[in-house]
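As structure tokens, the structure follows; a few thoughts come after it.
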Amino acid sequence: MNSQASVATTTLSAQFSGLKAAVGLTGGLLLCLLIALRAIPFFRFPTLLLFIASACFMLVRGRGTPDLLHPVRVFGALWCFCLALASLRLLSYLSDWNSLTWRCFLTGLACFVVGFWVTGRYSSRQGAVLNVGGAEDVASHCFLPTKKTLVVAWLCLAVGLAVLAFEYNLLGEIPIFSDSPDVARLRLFGGNDPQFDKFYLKVLHPFVDFIKYGVFLAVMVLCQRKPKNRKVVLLSLSLVLVGILALSSQGGRIFLVYIAIPSAVLFHYLRRRIRLVELGAAVLIIFLFLGLFGSIRSAAGQSAPIFDRVRSMSSFPEGQFWDGVAFGYGTLTLSYEVFFRLTGDLQNLQHPPSGFLFYSLHRFIARASLGEIAGDFYSGEFTTATYLGELYGDYQYWGVLLGSLVIGLGYGWVYSRTDDRGPVYSLYVRALLIQMLIFFPYVNLFSTYVNWIFDLFFMYLLIRHLTVQKGRPHQPVVSIA
């Protein structure tokens, strides 16, 4: 009886996937018809193909990618969607890209997918793949102990707050309340001010991220499918709120994203799977919120000169809401345009740098910041060139091809494995990798943001401390796919 129910469920799931694919294809055909009848503005054919490709990555669920947060699905949908938006050229800074640029963008996506597939196909531990998508994949005895976890989480928050308060005391202000939050934050965190370019501050600053670790531990407690009383819920929510406020005080949208994305992934794997409708609604809300927040901040601090100049010449309607929409559109598309321009302008450098990859190690190895060079070229700040920028800057097209392949192999290797003794940590690793993948249309965090190494190390120690139980044999916790 159970086998028959399982077969029926599988059949219904396959039929539902086929139905969604048919709906997506029908919608695409209707869109083509409406464009042909000039009922809606004209889309160029490549733009239409990219929108359809983005929808297919999300809607079509192949046998090997049933998970909504599968890296190939997330990267493919996001990458194609951003490319489609950019090809609309709704802001005047967007150019008509040449064939080399398009080849790099499509090669990056294709090589990532191929690398991921190769690792999954030939993995020696395919039988140990975590059957993701639901909280039933983690056995109850592998959950984090509630009381002990909350104590450790609050201690992490206290450590991070103490270091952050010490840095603010040296700085003499809180960045979010300063006239220019970006400048205030970079004085201390960026090391541009000789007053703060001290070795002990470089060693001390990563401990600010303990605020983030405390928030993640509290999120894990909230998401675990085990009974929780009101006191536990209140303490966890309070910790999350305090942590978000503390990180937001640094005056950057990126600190909220660092919390939001891993928390959503942990909810997906520990609590219940996120539905496509919920994901779409969340993305839209975050897009509008970050766009409005970024627009207000840039207007107050004059921190985005390129956007301010282009926005004054754009065709978007007037008003704060549309300023936020335009800023969000610019956030998703500007990095692609910067990559296109750098493919031609990098060769004009009078003094070629020693290299761009792994700029986070520039204090130990001679590296140059591609963002600073692009900022000088295009009169902006924090000008990024997607995750492909540094790969192309060092090795041209071969860097795009091989670099994307290696990254795909790495994602596939991590995704095809889980630690039988620590599935919660394995899920955290996935959450961290999805966070870094979300930034691919913007910047290569593996190269420019070294703190992800500390995140893996410190969270391993914390979760290991919370889950190790002496004298108890380990039990299998992974469903066989």
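Accessible surface of Ser354 in the full protein assembly, 1.4 angstrom probe, to the nearest 10 Å²?
For Ser354, the solvent-accessible surface is approximately 80 Å².
Report the paramagnetic label zone for Arg271: residues of segment 425-463 whose backbone N is under 16 Å from a point 7 Å from Cα along the Cα-to-Cβ axis.
From segment 425-463, the list is 428, 431.
Using mean Cβ contacts within 10 Å as the protection proxy, how do 163-170, 49-56 order, highest first?
Averaged packing, sorted descending, gives the order 49-56, 163-170.
Could you list the residues of segment 149-169 with an amide nitrogen less than 20 Å from a label point located 7 Å from the Cα of Ser238 in the Cα-to-C-beta direction?
Within reach of a label on Ser238: 149-162.
Can you give the FRET efficiency to the nearest 0.05 for Trp322 and Val283, using r as the Cβ-Cβ distance and R₀ = 25 Å?
That gives a FRET efficiency of 0.85.
Got a sec? What order do Phe112, Phe454 fall in by accessible area at 1.4 Å, biggest, i.e. largest, first?
Putting Phe112, Phe454 in descending order of accessible area: Phe454, Phe112.
The values are calculated or read from the model by the stated rules, or taken from the named source; none is laboratory data. On a predicted model such as this, the values are computed, not experimentally measured, just so you know. Neighbour counts are summed over all protein chains in view; Cβ atoms, including those assigned to glycine, are modelled from backbone coordinates with ideal geometry. The protein model used for the area step is the full one, side chains on, heavy atoms only, and it has no ligands, DNA or RNA in it. Shrake-Rupley method; radii C 1.70, N 1.55, O 1.52, S 1.80 Å.
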